[in-house]
Amino acid sequence: MDEMGLLEKARQLAARDRQVRALHVAAGALCPGAILALGLVLLLGWSGQPAWQGLAPLALFPAGAALAEFLRPLNPVRVAYLADRNLGLQERLGTAVEWLVSQRPRNVMAQVLLRDAATRARQVQPRAAFPQHWPTRFRTGLLLAGLTIALAGLPAEQLSWQRPDAEVLVAARGQARDLRRDLGLARHLQAARREELQARLEALEKALEDPEVDARNVLERLTALSEDLQTGLDVAPEQDAAGRALAGRGAQTEAARRLREAARALAQDPDSEEARTLLRQMAGDPRSSEEVRGAAADGLEALEEGDLERAEQALARAGDETLGDSGSNAPGEGPGSAGEGRQALANPGQEVRPGPGNGQADFGRQTTLERQEAGETEPRDFVLDRQSQRTADWSEEYRRLHPPRRDHLPTADARAPGRVGRGPTLPGTGQALGRPRVGDPARSPTQETFLEARESAESAVAREDIPVTRRDLVRNYFEGIDPRL
Amino acid sequence: MSDTPLTDRVRIFEETFGRLRRELTRVVVGQSDLVEHVLLALVAGGHVLLEGLPGLGKTLLVRTLSQALDLSFSRIQFTPDLMPADISGTMLVEETSEGRRAFRFSPGPVFANLILADEINRATPKTQSALLEAMQEGRVTVAGEARDLPQPFLVMATQNPIEMEGTYPLPEAQVDRFLFKLRVGFPDPEDLVGILDQTTGNHLPRVEAVCDAPTLLEMGRLAREVVAGSAVLAYAARLVLATHPDRPEAPDAIRRYVRYGSSPRGGQALVRAARVRAMVSGRYNVAFEDIQAVARPCLRHRLIRSFEGEAEGLEPDQLVDDVLQAVPLEVPA
């Protein structure tokens, strides 16, 4: 090997040294990079942002350190000295390469040295001269990096300091409520499917009460459940029509409730903000009919203008529209008329009496109240829940507005006509005024009972073993015998 | 000899050095390090100060060396009444054949290749200083006339470290002129048995002269050609600088216990001796380990301890070791 060979060997050694040093410094930089990345991941996750974005220092630190090492110029003399030290060559290579590079005057001894160094350099392996070694903190860096990556892989909610928004919780509860209602209305579903969906819904409702459970996750699962329910509706179009009709009636029920609340609030205070809010909700509720929304909007506008009389007329019109949509009164209480609904809404502070009626409501085998009284605790359908809750609310309010002593006052009779039959008794009626006996005159106001009566009728139709294709016929039959018609 | 190929010169160097070592170790039992260092100084052309208790073979070593070398040898026993002229020589009045009187220079014992200055610290400073010019410049001036000393000129001085009464410690300037200060230690039990066996019988080993003056000078020239890289020279310089208490690279022990550090001559001594050692080791370049190997004999007599250092009884070798530990082996950046 000549002198150029010695120099070439020195360059090879320098390249190897640079590689080893680059890996070494990169491994050394992993630890601070991991520490910074860990901090960033925790910070980002804590603030609710994607934690994986904090992993950047994990790669940037080692890469930057290695790049800086690679950019350092090669120094063959230095590397030759280092190789001497690592291989125990007693500065032979370093001195010889230094003599070569610096172009010093070469005496005889220097020439012999160069030859000797060239001979020895031929046997030098760069890997042996510069074995790869790792810094002591490399293991710590690896552990920290693993921990950081694991943390970054966790869901954002696990790292976030923010608890689920109250809005999310409210929305989830609202969706659960809607789902329960829709599930109650979708009676055309098969029993197994219905029970399955109901079980899932109950589990999610229970989960919502647990503060440790992520409300967003529950909301997503509720959405999925809703889609499942919708899928079931889509699969059975002939059943879907009935379900949708029931859902529409539920909306009407809601509109009627708002209407009553608005009328009551308006009667107490002509400037009631509550009445305005309810009318605004009615006007913006897409589930209500066009006429109801229009009447609510008119009423709201009249209230804004301070025209109380026009507002009451609008409310009455909305009540008529609502009654018209619902189409019937409660079974057992007899049908009412649109005028009765108008009167009830227009005079919420006055006593109303049921009109004469003789309708029968006997197409249910067993009412939900009776099942409750029988001690059954299994979850009931939507009708039971809504009836019991709303009736209790209304009864209390009704007793406040219409104490029993007023029954004897000579006021217009707005009660539903008819007499109590042998059919199911509405829970609201029983709770408000005591359970009526068969043959007694109807005592419940029409506006209180007609929606429940309709739903009770629907529930009765759904409970019966009536083929789906024949249910409309049965429903039409009973509607056809409505005394109002 | 300079015209012969380098390999032959190196071979002759190694052979001669090896023979000298063998001849010395035949007579001087044990003390292999001492013999090695004496020979290094011999080839490097440096003077040696041997320090040790009486009876440890200091004089024997130098006398044996003189026998192994085919060189002129003088032994000067230093005493308090020794005068400078007793060393350098004097002018004598002589009557010529014509009956006239003339001065004739009578050379002193210093006119020899190898000088044994035995118990040098017993002479007065005036007499001791008579050796200064001879040791540094290789010549003496008598009666205004400078006279060159024969080459090679080597002074091997001995001194007793414990007998302080009636002695005159060597001044720093003179101590600095010694390449090495070697400690002659007590022999090991095995070596002591060998000494007893060898020196109490009738058969004393005969020493053969294996090296003459030209050969020794050629060996010195060859050693001075040994290549010293910049990193090695820088290391030697850092070692010397680190012996100074006011330097930032000085270790704590130097700052505390040393008043003055080594002179640049100490650095020269390091590199000169290291070159010879590299040659003896079969290398053509000086290594860091060569510098480290000769650091103690080169620097120990060049560290002037402070009062605190002397009061603590701190050995100079300990300080040199601290310096060696404190100065890192650095390669060019």
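How high is the FRET efficiency from B:Glu330 to A:Arg177, r the C-beta distance, R0 56 Å, rounded to 0.05?
Once the sixth-power term is evaluated, E becomes 0.10.
Taking the Cβ-Cβ separation of B:Asp81 and B:His203 as r and a Förster radius of 35 Å, what is the calculated FRET efficiency to the nearest 0.05? Once the sixth-power term is evaluated, E becomes 0.35. Taking label positions 7 Å along the Cα-Cβ direction at both A:Glu196 and B:Phe186, the computed distance is 10.2 nm, reported to one decimal. The lysines whose alpha-carbon is closer than 21 Å to the alpha-carbon of B:Lys181, local same-chain residues fewer than 8 away aside, are B:Lys58.
Per residue of A:94-101, other chain Cβ atoms within 10 Å of the residue Cβ number 5 on average. Hey, for a label at A:Arg137 modelled as a point 7 Å past Cα toward Cβ, could you say which residues of the range A:1-26 have their backbone N under 18 Å away? In the range A:1-26, the label zone of A:Arg137 (backbone N under 18 Å from the point 7 Å along Cα→Cβ) covers A:21-26.
Highest first, please rank the peptides A:469-481, B:272-284 by the mean number of other Cβ atoms sitting within 10 Å of their residues.
B:272-284, A:469-481
Placing a label point 7 Å from the Cα of B:Leu53 along the Cα-to-Cβ direction, the residues of the range B:192-214 whose backbone N falls under 20 Å from that point are B:192-200. Taking amide H as placed 1.01 Å from N in the peptide plane, B:Gly108 has its amide H under 5 Å from the amide H of B:Gly89, B:Thr90, each at least 5 places away in sequence or on another chain. Taking other C-beta atoms within 10 Å as the exposure proxy, B:Asp317, A:Asp440 rank A:Asp440, B:Asp317 from fewest upward. Of the peptides B:195-205, A:169-179, B:141-151, the ranking by mean beta-carbon count within 10 Å, highest at the top, reads A:169-179, B:141-151, B:195-205.
Each residue in A:Ile149, B:Ile120 was given a count of other beta-carbon atoms within 10 angstrom of its own, and listing them fewest first yields A:Ile149, B:Ile120. Computed per residue of chain B from DSSP H runs no shorter than four, each worth -39500 (n - 2.57), the mean residue ellipticity at 222 nm is -14000 deg cm²/dmol. For chain B, the relative contact order is 20 percent, taking Cα pairs closer than 8 Å that sit 6 or more residues apart in sequence and dividing their mean separation by the residue count. Averaged over peptide A:85-92, the number of partner chain Cβ atoms lying within 10 Å of each residue's Cβ comes to 5.
In what order do B:Phe78, B:Phe103 fall by count of nearby beta-carbon atoms within 10 Å, going from fewest to most?
Going from least to most buried by this count: B:Phe103, B:Phe78.
Projecting the Cα positions of B:Gly313, B:Val286, B:His301 onto the charge dipole of the range B:268-333 (unit charges on Cβ atoms of Lys, Arg, Asp and Glu, taken about the Cα centre) puts B:Val286 furthest along the positive direction. Calculate, for A:Ser102 and B:Asp321, the FRET efficiency according to 1/(1 + (r/R0)^6) with r their C-beta to C-beta distance and R0 41 Å; round to the nearest 0.05. Efficiency, from the Cβ-Cβ distance: 0.80. Near A:Ala121: Cβ cut-off under 12 Å, other residues only, Lys/Arg at +1 and Asp/Glu at -1. The net charge is +1. Each of A:Val112, A:Trp99, A:Pro131 was placed along the dipole of the range A:78-171 (beta-carbon charges, centred on the mean Cα), and the one lying farthest toward the positive end is A:Val112. Taking a sphere under 10 Å around the Cβ of B:Val240 and counting the other residues whose Cβ falls inside, with K and R at +1 and D and E at -1, yields a net charge of +4.
Summary value for the range B:51-206: 27 percent relative contact order, contacts being C-alpha pairs under 8 angstrom separated by 6+ residues. Sorting A:8-14, A:55-61, A:222-228 by their mean Cβ neighbour count within 10 Å, with the most densely packed peptide first, gives A:8-14, A:55-61, A:222-228. Counting Cβ atoms of other protein chains within 10 Å of each Cβ in A:107-115 and taking the mean gives 6.
Readers should treat all values here as calculations from the given coordinates under stated rules, not as data from a laboratory. All values reported here derive from a predicted model rather than from experimental measurement. When we count neighbours, we look across all protein chains shown, and the Cβ atoms used for this are built from the backbone with ideal geometry, even at glycine.
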